[in-house]
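Engineer: What follows is a single structure, and I will ask about it in a moment.
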Amino acid sequence: MKQKVEALKKEIVAYIASSEQELEDFRMKFISRKSVIGDLFLEMKNIPAEEKKEAGKLLNELKNLAQDKFKELIDGFNSQQGDSKIPEGLDLTLPAVKDTIGAEHPLNRVKARIIEIFERIGFNLSEGPEIEDDWHNFSALNFPENHPAREMQDTFFIEKNPDIALRTHTSSVQVRVMENQKPPIRTLSPGRVYRNEAISARAHCVFHQVEGLYIDKNVSFADLKQTMLHFAQEFFGKGTKIRLRPSYFPFTEPSAELDIYWGLKNETDYRITKGTGWLEIGGCGMVDPNVLQSSGIDPEEYTGFAFGMGIERMAMLKYQINDLRLFTENDIRFLKQFVSL
Ligand code: DAH
């Protein structure tokens, strides 16, 4: 008996399990009810009474050794399995915790819809840097130096270099496109812009615009008007009416403000349209010959139109949002309400 126990001890200590089968073999041989150790316990009844105590002690030690070893083998085996190890205390039968997923930001939805409308009529996409030089943001767009028109837009300048600023509008991308491409050009440039303004429900120092530019032979004001009408009806609905109100921008001549007819159905409509029923959605005009010239395009050969609008403004109208600050607060309760356009 003593010898048997010693032999089994050695075998147990030396046992290595590198597969589930070997682990199970160990369990069958040393742990289960029909194990060799179990058999030895059964043999106890044949042992003379005076040896029983000693033999019982040996067998119990053997049993404990086998159990400890089995635990050790399982642990070793699980850590070999790496990630698939199930952490202690994890109950896989519990129902899963519901996961909340984010939603597309309303500004991105509006931007995507604007892009879709213009892509269908042949506009491609272009972009330019947000940190811009004076030439692309102002000078090439026909803002003379020291001209009060520059003050239409409160600008963030870089202190150490007054030639560099955060772009105040996406019109700077027009210049970059014209410098690098030959007409015909039909491009849309969405992007972030910056103005040195106090943050309120109606103004922000960071917002988004989308710029459009169309340059070719014989592009006329009628093309501009028809394109704006098409856009307004696609975005706001089939029957939408527009009007072009004379205005001034240094980079277009003539220039216009684009209004849509919003109607006067309730008190809010009176407030947001200042009692007129009309609502401004952007600026536009025929590209000034000086701008074409600055960018290397011959104004005798080509003409074109440009337009720019605020994405926040479009989103506020479309989704009836009354505070600009909501777009940047990242409140999930706000952000998850919007549907695709
Ligand atoms: N850049 C103008 C602004 O930020 C918007 C604008 C007006 C863009 C007329 C244009 C345009 O392209 O033709 O206020």
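The values are calculated or read from the model by the stated rules, or taken from the named source; none is laboratory data. Since this is a predicted model, take the numbers as computed values, not measurements. Note that we place each Cβ from the backbone using ideal geometry, even for glycine, and neighbour counts take in every protein chain shown. For the accessible areas, the whole protein counts, side chains as well, though only heavy atoms, and no ligand, DNA or RNA atoms are used. Shrake-Rupley method; radii C 1.70, N 1.55, O 1.52, S 1.80 Å.
Engineer: Explain nothing, just compute: Karplus ³J(HN,Hα) = 6.51 cos²θ - 1.76 cosθ + 1.60, θ = phi - 60°, for every residue of region 179-193 in order, whole Hz, x for Gly and Pro.
Structural biologist: 5, 10, 10, 9, x, x, 10, 9, 9, 10, 10, x, x, 8, 9
Engineer: Pop out the carbon and sulfur fraction of the accessible area of region 2-82 as a percent, whole number, probe 1.4 Å.
Structural biologist: Here carbon and sulfur together make up 53 percent of the probe-accessible area.
Engineer: So, one more: Please report, as a whole percent, how much of the solvent-accessible surface of region 287-341 comes from carbon and sulfur atoms (probe radius 1.4 Å).
Structural biologist: Summing carbon and sulfur atoms, their accessible area is 44 percent of the total for region 287-341.
Engineer: Let me ask you something else. Which distance in Å, rounded to a whole number, links the C-alpha centroids of region 274-322 and region 209-253?
Structural biologist: Here the two parts' Cα centres lie 7 Å apart.
Engineer: Using 1/(1 + (r/R0)^6) with R0 = 35 angstrom and r between the beta carbons of K160 and Q226, what's the FRET efficiency to the nearest 0.05?
Structural biologist: 0.15
Engineer: Taking a virtual spin label 7 Å from the Cα of I121 along the C-beta vector, which residues in region 258-290 bring their backbone nitrogen under 17 Å of it?
Structural biologist: 258-261, 281-287
Engineer: Right, here's the next one. Please work out the average accessible area per residue across the chain, using the 1.4 Å probe convention, and give it in Å².
Structural biologist: Ligands and nucleic acids excluded, the figure is 59 Å² per residue.
Engineer: Further question on the same structure: Hey, can you grab everything whose amide H is under 5 Å from the amide H of A17? Only 5+ residues off in sequence or another chain; H modelled, so Pro and N-termini drop out.
Structural biologist: Under 5 Å from the amide H of A17: no residue qualifies.
Engineer: Now a separate question. Stick to the Cα atoms of the chain, pair each with every other, and give me the Kirkwood hydrodynamic radius in Å at one decimal.
Structural biologist: 26.4
Engineer: Something else about it: How long, wide and thick is region 237-341, going by the Cα atoms along their three principal axes, in whole angstroms, largest first?
Structural biologist: Largest first, region 237-341 extends 53, 32, 24 Å along its Cα principal axes.
Engineer: Also, quick follow-up: Within region 295-339, what residues put their amide N at less than 14 Å from the label point 7 Å along the Cα-to-Cβ vector of A149?
Structural biologist: Residues 295, 306 fall inside that zone.
Engineer: Computing the accessible area with a 1.4 Å probe over protein heavy atoms, can you report the carbon and sulfur percentage for region 166-255?
Structural biologist: 49
Engineer: Right, next: Students often get this wrong, so check it: of K2/K57; K111/K274; K29/K57; K2/K45, which have C-alpha atoms separated by over 18 Å?
Structural biologist: As for pairs spanning more than 18 Å Cα to Cα, those are K111/K274; K29/K57.
Engineer: Give a residue-ordered list of calculated ³J(HN,Hα) values for region 228-237 (Karplus: 6.51 cos²θ - 1.76 cosθ + 1.60, θ = phi - 60°; whole Hz; x for Gly, Pro).
Structural biologist: Karplus-based 3J(HN,Hα) across region 228-237 equals 5, 5, 4, 4, 4, 6, 5, 7, 9, x Hz.
Engineer: Would you please give the FRET efficiency between D133 and L264, computed as 1/(1 + (r/R0)^6) with r the Cβ-Cβ distance and R0 = 35 Å, to the nearest 0.05?
Structural biologist: That gives a FRET efficiency of 0.20.
Engineer: How much FRET efficiency would the formula 1/(1 + (r/R0)^6) give for Q337 and I86, where r is the Cβ-Cβ distance and R0 is 41 Å, rounded to 0.05?
Structural biologist: 0.60
Engineer: Over the heavy atoms of W135, what accessible area does a 1.4 Å probe trace out, to the nearest 10 Å²?
Structural biologist: 100
Engineer: Next up: Roughly how many nanometres apart are two label points built 7 Å out from the Cα toward the Cβ at R202 and T240?
Structural biologist: Taking the two extended label points, one gets 2.2 nm.
Engineer: Here is a further query. Cα-based Rg of region 103-233 per 2.2 N^0.38 Å, rounded to two decimals?
Structural biologist: 1.13
Engineer: Would you mind checking which residues have amide H under 5 Å from T240's amide H? H placed 1.01 Å from N; only 5 or more apart, or other chain.
Structural biologist: none
Engineer: What is the Cα convex hull volume of region 42-175 when expressed per residue in Å³?
Structural biologist: 313
Engineer: Per the helix-only calculation at 222 nm, which mean residue ellipticity applies to the chain, given -39500 (n - 2.57) for every DSSP H run of n ≥ 4 and division by its residues, nearest 500 deg cm²/dmol?
Structural biologist: When only DSSP H runs of four or more count, the value is -11500 deg cm²/dmol.
Engineer: Whole-Hz Karplus ³J(HN,Hα) for region 132-146, in order, using 6.51 cos²θ - 1.76 cosθ + 1.60 and θ = phi - 60°, x for Gly and Pro?
Structural biologist: Taking θ as phi minus 60°, the curve returns 10, 8, 4, 4, 6, 7, 10, 4, 5, 8, 6, 8, x, 4, 6 Hz for region 132-146.
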